[in-house]
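Inspection log for the structure reproduced underneath, given as structure tokens.
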Amino acid sequence: MKKRISTAIIGSGFQANNWANALKNHKNYDLKKINSSNKERGVKFAAEHNCQFEIDEYKIANDKDIDLVVFSTSPDRQKKSIDFANKKKNLILEKPLSLDENFNSQIYDTCKKNNIICGAGLNRHYDTFIPKIASLLEKYNWKCNLVDVKSFFKKTNELNNFSLAKKKIHGDLIISGLVHKFDQINAIFGKPKKLIAKELNYDKNNILTQSQVTVEYENNLIANFMFKNDSKNLEGEEIIFYCEEGIIHVNFNLETVNVIKNYLNKKISRSILSRFKAEILQGRIFKFEKKKFLENFNFRVGGQKDILDAFYDAFYNKDVKNLVNIEHNFLSTKMAFTCYKSIQSEKWISI
């Protein structure tokens, strides 16, 4: 009989609280210990979640009864996961791996060297539309040429949330969504080749209002990631997959996917009639196919339970393929660092 996974959390903030609740609500996990840099908050956290507060994090690293350590703390503390990896502790690390590129590589190398299971807090990797996209492209034999990933936000003065070049302690755009978006498109199309990033627009108060990253994948596929910060009547996210025969539209507000053929041909227009006449005069029959919804369905946004489910499977079978792991986290974070380099050099940068 498979045992429940004994777990500890490093951190006691908002997201750590979410992890604690997810662990308590999961039949395959036991939350045993909590460590926090804030003792008062850590003691309160432990009492609320019926676990032990441990002031010395290295006692957790050396505790043979702990199977998994979840790091849910500020990215600057995440470098401590290196010590836990060296102690052969399995990990779940929130994104990004680090706000320091050197530590990003060190965490990755240490996890790989010690051959531990390292999950990632990239819950949007488990959005249920992701595995459907490849099957839809194959089903309709569509070749995808372009992907537009768009995020629209209401006006805010939080420069940290949108800056690509001016990296702050909270991680600016790395934490506020870009890493998640990279991970989603990577999950569908594989490892990217290169990217170019630009901060496009600032308002009169020098607050950044629009950023864009263009990423090239294999087979000349281009993905554009656009973040807009001054949307008045529009707020939300969408992904549009442009194919030769139609589009696949993912709407995160409605959590819907629509597969649309001939999406530009909504009705017979003057231009369509002109083309029809020209074809007739040349002895050819002009075929007009109106816009057609081939299929549509709802999807579910991924969450921490999905990560815990996948980790549990990997814990008992290390060949499990669906775990969002250190590879995904490292690549998405590396792409964010590459954005900084691209903005500074104003050039495409290989990944």
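Determine whether residue 31 is surrounded by 14 or more Cβ atoms within 10 Å (Cβ to Cβ) and not in a helix (DSSP H, G or I).
Working: surrounded by 14 or more Cβ atoms within 10 Å (Cβ to Cβ): yes; not in a helix (DSSP H, G or I): yes.
For residue 31, the condition - surrounded by 14 or more Cβ atoms within 10 Å (Cβ to Cβ) and not in a helix (DSSP H, G or I) - is met.
Which residues, counting only those in the stretch 284-325, are modelled with pLDDT of 85 or more and either touching a Phe, Trp or Tyr at 6+ places or on another chain (Cβ under 6 Å) or basic (Lys, Arg) (or both)?
Correct list: 292, 299, 300, 302, 305, 306.
Looking only at the stretch 65-75, which residues are at pLDDT 95 or above and in a loop (DSSP other than H, G, I, E, B)?
Listed by number, the residues that qualify are 65, 66, 67.
Of all residues in the stretch 218-252, how many are modelled with pLDDT of 95 or more, outside any strand (DSSP E or B) and either within 17 Å of the chain's Cα centre (by Cα) or small (Gly, Ala, Ser) (or both)?
The number of residues fulfilling the criteria is 1.
In the stretch 76-105, what residues are more than 19 Å from residue 33 (Cβ to Cβ), hydroxyl-bearing (Ser, Thr, Tyr) and not in a loop (DSSP other than H, G, I, E, B)?
Once the filter is applied, which keeps residues that are more than 19 Å from residue 33 (Cβ to Cβ), hydroxyl-bearing (Ser, Thr, Tyr) and not in a loop (DSSP other than H, G, I, E, B), the stretch 76-105 yields only 105.
Checking residue 108 against (1) open to solvent by less than 20 Å² (accessible area, probe 1.4 Å); (2) assigned to a helix (DSSP H, G or I), only one condition comes out false. Which one?
(1)
Is there a residue being charged (D, E, K, R), surrounded by 23 or more Cβ atoms within 10 Å (Cβ to Cβ) and closer than 26 Å to residue 328 by Cα anywhere in the stretch 62-74?
Looking for residues that are charged (D, E, K, R), surrounded by 23 or more Cβ atoms within 10 Å (Cβ to Cβ) and closer than 26 Å to residue 328 by Cα, one finds none in the stretch 62-74, hence no.
For every residue, the table says whether it meets (1) under 29 Å from residue 197 (Cα atoms); (2) open to solvent by 10 Å² or more (accessible area, probe 1.4 Å).
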position: 302; (1), (2): yes, no
position: 309; (1), (2): no, yes
position: 315; (1), (2): no, yes
position: 333; (1), (2): yes, no
position: 337; (1), (2): yes, no
position: 340; (1), (2): yes, yes
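The values are calculated or read from the model by the stated rules, or taken from the named source; none is laboratory data. As the structure is a prediction and not an experimental result, all values here were calculated from the model. Glycine also receives a Cβ, built like all others from the backbone with ideal geometry; neighbour counts cover every protein chain displayed. Surface accessibility is based on the protein's heavy atoms, side chains included, excluding ligands, DNA and RNA. Shrake-Rupley method; radii C 1.70, N 1.55, O 1.52, S 1.80 Å.
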